[in-house]
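Report on the following structure.
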Amino acid sequence: MIAIAELSQEIDASQVSHYLCDLAEVVLEAVYQLASKTLQAQYGIPECVEAGVRREASFAIIGYGKLGGYEMHYQSDLDVIFLHDSAGEHQHTSGDKCIENSVYFARLAQKIISMTSVLTASGKLYEIDSRLRPEGASGLLVSSIQAYLRYQLEKAWTWDHQALVRARLVAGNPILLEPFNSVRQQVLQMPRDDQQLARDIVEMRTRIYQAKRPPEADTVDLKQSRGGMVDIEFLVQYWVLALANKIGSGQLYSDNISLINELFRLNLITASQSQLVEIYQTYHRLLHESTLQNQSAEIDIAEIAEPMKHVV
């Protein structure tokens with residue numbers, strides 16, 4: 001239905017991306033509820049004792065990348081991490097078959113990934129990518145909110161903080177919304193050396209470009225070529241990490257378009273730089289068209305030569 005509405009020009013590319021994200025959130029929430037029900041039937045409810053009070057321990061799914069930034073297209077996978085708020089003493093489930101909360105939440109995350117990405121006769125719901133979690137693919141599948149904060153403050157690379165710009169809670173217990181937003185705000189507003197920040201971001205962008213090696217002749221890649229979508233995303237991430245202390249906590253949005261508009265409203269970027277909103281929207285529209293026509297993200301350079309030149 002979303003694709004039909006876009007093809008009939010009832011909704012634009014930005015609305016499509018939001019609807020696709022809404023759909024993904026509904027699916028993730030449903031899968032989370034089903035997985036939780038199954039595990040709780042086996043092990044009971046995860047609980048812990050803090051300050052002498054026993055409470056239920058909560059779990060949440062954090063969306064990164066296209067999902068976190070409200071910028072999904074029709075073939076997007078889901079970049080997610082898993083967090084819980086279990087802390088204190090007696091961290092275990094309440095059932096007769098009792099297990100540690102860390103084990104319970106790891107199994108819950110694994111079940112969510114399995115249920116979402118398993119291949120059936122009708123295909124799979126989504127491909128799940130959880131490599132953006134602390135320590136990457138070698139790290140724990142689920143982190144406590146406290147361990148997540150420690151990692152972001154003490155061990156994370158600039159790239160981790162770039163990724164946090166487009167991160168938000170998308171499913172799970174909403175009780176973790178405020179703690180996660182607090183961590184995100186605290187990390188984004190950390191004081192940084194501007195020159196070192198710029199070097200780190202340019203270095204990472206160069207590494208990605210060299211790894212992808214997009215075409216740069218008669219055709220270009222909408223996402224990876226110089227002046228494409230990734231360049232805009234990296235620019236916004238640099239601005240946010242450098243200027244977050246000048247942006248109100250309520251305006252630290254997770255999508256690029258809202259962030260660019262807010263940066264311009266606060267006179268933190270120029271009118272010329274604010275034109276990236278229109279360019280980014282154009283790229284999304286072209287990407288959606290290519291995907292619906294079962295084509296790659298490579299298009300004729302003549303179609304977007306001027307926008308790409310403006311970005312660079």
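The values are calculated or read from the model by the stated rules, or taken from the named source; none is laboratory data. Just so we're clear, the structure is a prediction, and the values are computed from it rather than from any experiment. Note that each Cβ is placed from the backbone with ideal geometry, even for glycine, and that neighbours are counted across all protein chains shown. Surface accessibility is based on the protein's heavy atoms, side chains included, excluding ligands, DNA and RNA. Shrake-Rupley method; radii C 1.70, N 1.55, O 1.52, S 1.80 Å.
Here are a few things to note about the model shown:
- The Cα center of the stretch 14-37 and the Cα center of the stretch 138-172 differ in position by 21 Å.
- The packing ranking, built from the mean of other Cβ atoms within 10 Å per residue, places the peptides 62-72, 282-292 in the order 62-72, 282-292, highest first.
- Sum of -39500 (n - 2.57) over DSSP H runs of 4+, divided by residues of the chain (222 nm, nearest 500): -16500 deg cm²/dmol
- Extended-chain gain in nm, criterion 0.36 nm per residue less alpha-carbon gap, Glu203 and Asp300: 32.1 nm
- With DNA, RNA and ligands ignored, accessible area of Thr38 (1.4 Å probe; Å², nearest 10): 70
- Cross-link partners of Lys97 among lysines, defined as those whose alpha carbon lies under 30 angstrom from its own and excluding same-chain residues fewer than eight positions apart: Lys37, Lys111.
- Placing a pseudo-label 7 Å from each Cα along the Cα-to-Cβ vector at Asp96 and Gln33 gives an inter-label distance of 2.8 nm.
- Taking all protein chains into account, the per residue accessible area for the chain stands at 50 Å² (1.4 Å probe).
- Placing pseudo-labels 7 Å out from each Cα toward the beta carbon at Glu178 and Asp77 gives an inter-label distance of 3.6 nm.
- At the residue level, Lys212 shows approximately 120 square angstrom of accessible surface with a 1.4 angstrom probe and all protein chains present.
- Taking 25 Å as the straight-line reach from the Cα of Lys223, the lysines in range (excluding those fewer than 8 positions away in the same chain) are Lys66, Lys124, Lys212, Lys309.
- Surface/4 estimate of mean projected area, convex hull on alpha-carbon atoms of the stretch 1-62, nm²: 6.2
- Largest to smallest accessible area among Lys97, Lys111 [probe 1.4 Å]: Lys97, Lys111
- Per-residue HN-Hα couplings for the stretch 172-178 [Karplus 6.51, -1.76, 1.60; θ = phi - 60°; Hz; x = Gly/Pro]: x, 6, x, 4, 8, 4, 5
- In the stretch 232-280, the portion of solvent-accessible area held by carbon and sulfur atoms comes to 47 percent [1.4 Å probe, whole percent, DNA, RNA and ligands not counted].
- Base-10 log of normalised Debye intensity for the stretch 102-252 (one unit scatterer per alpha-carbon) at q = 0.12, 0.18 Å⁻¹: -0.66, -1.23
- Here the stretch 62-176 is assigned +1 on the Cβ of each Lys and Arg and -1 on the Cβ of each Asp and Glu. Its dipole about the Cα centre then comes out at about 160 debye.
- Zero-based 10 Å bins, Cα pair distances in the chain, whole percents: 6, 24, 32, 24, 11, 3, 0
- The stretch 239-312 and the stretch 89-117 have Cα centres separated by 40 Å.
- A simple spin-label model places the labels of Val312 and Met190 3.3 nm from each other, with each point 7 Å out along Cα-to-Cβ.
- Here the calculated FRET efficiency for Ala41 and Leu292, from their Cβ-Cβ distance with R0 = 35 Å, stands at 0.25, rounded to the nearest 0.05.
- When the Cα positions of Ile145, Gln224, Gln195 are compared along the charge dipole of the stretch 126-253, Ile145 comes out farthest toward the positive end, with charges on each C-beta of Lys, Arg, Asp and Glu.
- Taking only protein heavy atoms and a 1.4 Å probe, the accessible area of the stretch 48-179 is 53% carbon and sulfur.
- Near-label residues of the stretch 60-97 by backbone N, under 20 Å of a point 7 Å along Cα→Cβ of Val118: 78
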